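The values are calculated or read from the model by the stated rules, or taken from the named source; none is laboratory data. These numbers were taken from a predicted model, which means no experiment stands behind them. We place every Cβ from the backbone using ideal geometry, glycine too, and count neighbours over all the protein chains shown. These accessible areas exclude ligands, DNA and RNA; they are computed on the full protein's heavy atoms, side chains included. Shrake-Rupley method; radii C 1.70, N 1.55, O 1.52, S 1.80 Å.
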Amino acid sequence: MLKRVVSGLALAVAAVSAAAAQELPKNQFKVIGLNSPTPVSIHDELPFWRKTIPEASKGAISVDVTPLDQMGIDDKTMLRLLKLGVMDFAGMDISKMAGDDPRFEGCDLAGLTLDPDKARAACNAYRDVIDRQMQKNWNAKLLAFGGNTPQVFWCRDVVTGLDSFKGKKIRVFNNTMRDFLGGLGATAVSMAFAEVVPALNNGVVDCAVTGSLSGNTAGWPEVTKSQYPMSLGWSINVVAVNLNTWKRLDPKTQAFLTEQFKAYEDKMWATIKTTVGEADNCNTGKQPCTMGKLAKMTLVPVKPEEAAVHKKLVEGAVLAGWAKRCGAECTKEWNATVGKTLGLTAPTP
């Protein structure tokens, strides 16, 4: 669907130059975005809405943007709120919507990809599926994919490796991470990002999963001693728009925004590569560390034999668990898109 929209607007996009942007009609949008401590919010999302869009539109578009944690919103409800028109645009972690549709975690299953380029390729392969489901069931339209640094383990004590997690309570934020931890004999605990620091501090959980730099900028080194960098995904986020809002816009504004979101998506993936490179430095007190805070954590390396276990869990427990939740037709579609791109096959339930 997105490809057809872009194709139909190609001529209009070409006409939207800096001068033409002055001719855009006035619009004011309400946006609810990602958690404010995350690097993607700090370096990409908020500057995009507060600076890039108003300036590129020559003042024609103004935006009221607020991160979801500052609104006190449960992030699992973001798509439902967007459907109702509570906001015009929303930034959200797509896997957290999987309780409403398992497809929403399909390109970021736990441990599925281990580098940003493959993560982006997987989501590009699944783009039309996600957009279709949003338009069909959620009165929303997909505009862009982004991501965060690898989702890794932050622990109160210094762990020794993968065996350390057996019997531990570990914070996760989606179902596919539960599948992975189940294979380790750990107990998965669902918890909102804003609740994790006090939970770690008080021993409610032993470890928690989040981005290797997102945890840093949110103060997690103050309540943890070690990090185990086995990746459980990229916390893929999306930007979506309420369909009623989108359909009210004139073609010139739609073309302008389509062009801007393409550039925004490129920037988000470029930022990920920078933050991935800096995360370990920041967490272990080394330079360069320009996007986080210097900390003194113990970084526990992943052993070769543990990497083999990781691969086995992804290709076994993770794919099987997700396929069971999504169903036979969904699994077939995944195998023809994401699976084909990555050379993987999910078992048909």
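Results for (1) touching a Gly at 6+ places or on another chain (Cβ under 9 Å); (2) modelled with pLDDT of 95 or more; (3) not charged (D, E, K, R), shown as yes or no for each residue.
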{"position": "53", "(1), (2), (3)": "no, yes, yes"}
{"position": "57", "(1), (2), (3)": "no, yes, yes"}
{"position": "64", "(1), (2), (3)": "no, yes, no"}
{"position": "81", "(1), (2), (3)": "no, yes, yes"}
{"position": "86", "(1), (2), (3)": "no, yes, yes"}
{"position": "89", "(1), (2), (3)": "yes, yes, yes"}
{"position": "93", "(1), (2), (3)": "no, yes, no"}
{"position": "101", "(1), (2), (3)": "no, yes, no"}
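Among the residues of segment 157-172, those identified as touching a strand residue (DSSP E or B) at 6+ places or on another chain (Cβ under 9 Å) and basic (Lys, Arg) are 168, 169, 171. Whenever a residue of segment 324-335 is of a type in the set (Asp, Glu), its partners that are in a helix (DSSP H, G or I), lying with C-beta atoms within less than 7 angstrom and at least six residues away or across chains, give the pairs 333/129. Selection of segment 109-130 for residues being open to solvent by less than 10 Å² (accessible area, probe 1.4 Å) and outside any helix (DSSP H, G or I) yields 109, 110, 111, 113. Hey, can you tell me all the residues within segment 131-158 that are open to solvent by less than 10 Å² (accessible area, probe 1.4 Å) and either at positive phi or in a loop (DSSP other than H, G, I, E, B) (or both)? Scanning segment 131-158 gives 147, 149. Restricting 72, 33, 91 to those that are surrounded by fewer than 16 Cβ atoms within 10 Å (Cβ to Cβ) and under 27 Å from residue 178 (Cα atoms) reduces the list to 72.
Beta carbons closer than 8 Å, at least 6 apart along the sequence or on distinct chains, pair a first residue in segment 44-60 that is free of Cβ contacts under 8 Å to residues at least 24 places away in the same chain and farther than 16 Å from residue 148 by Cα with a second that is of a type in the set (Gly, Ala, Ser) and open to solvent by 10 Å² or more (accessible area, probe 1.4 Å) for 54/62. On inspection, residue 267 passes the criterion of being within 30 Å of residue 30 (Cα to Cα) and open to solvent by 30 Å² or more (accessible area, probe 1.4 Å). Taking residues in segment 67-91 that are assigned to a helix (DSSP H, G or I), and partners anywhere that are of a type in the set (Gly, Ala, Ser) and open to solvent by 70 Å² or more (accessible area, probe 1.4 Å), the pairs with Cβ atoms closer than 6 Å and at least 6 places apart or on different chains are 69/194. Among the residues of segment 224-272, those identified as closer than 30 Å to residue 290 by Cα and β-branched (Val, Ile, Thr) are 224, 236, 238, 239, 271, 272.
Annotation: residue 315 fulfils all but one of (1) at pLDDT 95 or above; (2) of a type outside the set (A, V, I, L, M, F, W, C); (3) within 25 Å of residue 184 (Cα to Cα); the unmet one is (1).
Where residues in segment 275-306 are in a helix (DSSP H, G or I) and free of Cβ contacts under 8 Å to residues at least 12 places away in the same chain, which of them is least open to solvent (accessible area, probe 1.4 Å)? So the residue we want is 281. Taken over segment 192-232, residues that are open to solvent by 20 Å² or more (accessible area, probe 1.4 Å) and in a loop (DSSP other than H, G, I, E, B) amount to 9.
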